[in-house]
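Everything on this sheet refers to the single structure shown next.
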Amino acid sequence: MCATAVIGCIVLIYFKWIHVNPTTVALTFLLGILFIANRFGLRYSVYMSFLAALAFNFFFLPPVETLTIADPQNWVALLAFLTAGVLASHLSERIRREVRATDQRRREVERLYDFSQRILTSDRLADLLNAMPSHIASLFQNEAADIYLLESDRVYRSPSDSGSITTEELRKVANRGEIRCAGAKDLCIAPLLQGGRPIGAIGIAGNVPSRETIDALSGLIALAVERSITGEHLARTEAAQESKRMRAALLDSVTHELRTPLRAITESVTNLTSGTIQDSATKEEMLAMIEEQTARMNRLIAQAVEVAQLDAQQIEPRLEPAQMKDVVQEAIAECQALLKKHPVDVRLPSTLPAVRMDLKLIQKVLRNLLENAAKYSEDEEPIFISAEVQGSLLVTSVADRGSGIDDFDKSLIFDKFYRGQGQRYRVQGTGMGLAIVKAIVDAHGGKVEVTSQLGIGSVFSFSLPTT
């Protein structure tokens, strides 16, 4: 209809109103044919070419208003015009198809890029395989997108899948390693190849993209699967190595620290049983030392057990409302032996709110911080305990006037078995106390921090949510 209207307009203008030569009329008809070809396609432009040839002959080639052609040259002109119109229609349609194909490829490349970005967000293989079919179906607007893995013999389907692709079809393509497309069903199944070896298949139904895009999709999926499997193997290997290293470090640390109290106990028991010591005061002193070293051994063993439990995530806080001042009092009472050479200055406002905490675990946090402050401070140097509310957190701090911690040590001081470079040979310890502190505070949803200045002292602070 539109082609007929264009021909009618050209005839009306040139035949009734503006009289021009036949060449101008032919060029105008060609422009109209190109417009229709570009806008509506080949079928309409070919129809317009023949209609334009008839109109050109009838209205503009003598004798006019008849289909008779008197001059043989006009036959040549008419045939040339018809040929030019048909060729122009074909060329225009070809360009149109190429533009559509280029635009389609551009959109598919953009979707492939988007898909590649989405699959990089997950490293776990199970999460990746569950998410990829949904990503493909949503990006390419497919009726169904399925991924099949040979190793597990399992299919991962998109939520929109209505069962149009069977597991058997996917399995066959995966085993054969050859792509299969069914145009009538608008279905395509391609193998997933890893180094030329089939590891599975991808099936797409409805709005199937180009073969090149399907090849690219299968390559991206195979690469993502390989990356996730390699990452999981590497993580398991690193975890096994770390577990082995931790066990060795734990055994070495505990063994080293146990030797000193064991030696003291052994020497005292030998002296007492040999009968060489007759003075009752000396005997009492040795018995007290045996009791003290035995308690120290118990603490070391308890710390080792706690580290093992924390690594296995076997400690779960039993949260109950409690006042921080009660926790502080209990912790100071438990550390009396260590704190006897250090005055303790407690500064706790009476308005501190109750906080949900595991009372015994937070006492352990404070006890470790107090022991740490006492060990690394000179005799008679005070230790300060304070607490304040900061926003939605209750922040409790233990400050000392020890030698301080350098920046390098501060970054590692909460790691298991790590001890400061300048103190590891001067002060006894296992390097477990601060690691236990961090693990307990983390389990409460809080945070532990340290600020320090060399030669001035250190402040260890831990925060607990007030709500």
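The values are calculated or read from the model by the stated rules, or taken from the named source; none is laboratory data. Bear in mind the structure is a predicted one, so any value in this text is a computation, not a measurement. Cβ coordinates were reconstructed from backbone atoms using ideal geometry, including for glycine residues, and neighbour counts include every protein chain displayed. Please note that ligands, DNA and RNA were not included when accessible areas were found on the heavy atoms of the full protein model with its side chains. Shrake-Rupley method; radii C 1.70, N 1.55, O 1.52, S 1.80 Å.
How high is the relative contact order of the chain, given as a whole-number percent (alpha carbon pairs under 8 Å, six or more residues apart)?
Here the relative contact order equals 8 percent.
Hey, can you grab everything whose amide H is under 5 Å from the amide H of residue 192? Only 5+ residues off in sequence or another chain; H modelled, so Pro and N-termini drop out.
Here 199, 200, 201, 202 satisfy the definition.
Just the C-alpha atoms of the chain: what Rg/Rh do they give, with Rh taken as the Kirkwood radius?
Here the Rg-to-Rh quotient is 1.38.
What 222 nm value per residue comes from the helices of the chain, counting each DSSP H run with n ≥ 4 as -39,500 (n - 2.57) and dividing by all residues, nearest 500 deg cm²/dmol?
-19500 deg cm²/dmol
Report the charge-dipole magnitude of the chain in Debye, nearest 20, computed about the Cα centre from +1 at each Lys and Arg Cβ and -1 at each Asp and Glu Cβ.
With Lys and Arg at +1 and Asp and Glu at -1, about 1580 debye.
Output the 0 to 90 degree angle, nearest 10, between the alpha-carbon long axis of helix 72-119 and the longest principal axis computed from the alpha carbons of the chain.
With rounding to tens, the tilt is 10 degrees.
Given contacts defined as C-alpha pairs under 8 Å and at least six residues apart, what's the relative contact order of segment 116-228, whole-number percent?
Relative contact order of segment 116-228: 26 percent.
First compute the accessible area of the chain with a 1.4 Å probe, then give the percent of it belonging to carbon and sulfur atoms.
Carbon and sulfur together cover 56 percent of it.
For residue 459, tell me the accessible area in Å² from a 1.4 Å probe, rounded to the nearest 10.
Solvent-accessible area, nearest 10 Å²: 50 Å².
Obtain the radius of gyration and the Kirkwood radius of segment 39-181 from its C-alpha atoms and give Rg over Rh.
1.37
Toward the positive end of the charge dipole of the chain, about the Cα centre and with charges on Cβ (Lys, Arg +1; Asp, Glu -1), which of 343, 370, 137 goes farthest?
137
As a quick test, which of the pairs 364/447; 340/410; 360/438; 283/364; 360/447; 325/410 have an alpha carbon distance above 22 angstrom in this structure?
Result: 340/410; 283/364; 325/410 exceed 22 Å.
If the rule is a partner Cβ under 4.7 Å, which cysteines in the chain fail it?
Among the cysteines of the chain, those whose Cβ sits 4.7 Å or more from every other are 2, 9, 335.
What are the ³J(HN,Hα) values, in whole Hz, obtained from phi via the Karplus relation 6.51 cos²θ - 1.76 cosθ + 1.60 with θ = phi - 60°, for each residue of segment 329-344 in sequence order, with x given for Gly and Pro?
Rounded to whole hertz, the list is 4, 5, 5, 5, 4, 6, 9, 4, 5, 6, 8, 5, 9, 10, x, 10.
Principal axes first, then extents: for the Cα atoms of segment 20-85, list largest minus smallest coordinate on each axis, whole Å, largest first.
Answer, in whole Å and largest first: 35, 21, 19 Å.
To the nearest 10 Å², what's residue 113's accessible area with a 1.4 Å probe?
140
So what's the angle, to the nearest 10 degrees on a 0 to 90 scale, between helix 125-140 and the longest Cα principal axis of the chain?
Its long axis makes an angle of about 30 degrees.
Angle check, please: helix 433-443 long axis (alpha carbons) against the longest principal axis of the chain (alpha carbons), in degrees 0 to 90, nearest 10.
50
How much net charge surrounds residue 162 when only the other residues with a Cβ under 12 Å from the Cβ of residue 162 are counted, with Lys and Arg +1 and Asp and Glu -1?
Combined, the nearby Lys, Arg, Asp and Glu give -2.
In the neighborhood of residue 64, defined by Cβ-to-Cβ distances under 13 Å, what is the net charge if each Lys or Arg adds +1 and each Asp or Glu adds -1?
Residues close to residue 64 contribute a combined charge of -1.
Excluding ligands, DNA and RNA, what is the solvent-accessible area per residue of the chain at a probe of 1.4 Å, expressed in Å²?
56
Return the Rg/Rh value of segment 101-157, two decimal places, where both radii are evaluated on C-alpha atoms and Rh is the Kirkwood radius.
1.03
Straight-line reach from residue 341: which aspartates and glutamates have Cα under 14 Å away, leaving out those fewer than 8 places along the same chain?
By straight Cα distance, residue 341 reaches 371, 378, 379, 380, 381, 400.
Using only Cα atoms, locate the centre of segment 348-387 and the centre of segment 71-134, then give the distance between them in Å, rounded to an integer.
Each part reduced to its Cα centre gives a spacing of 72 Å.
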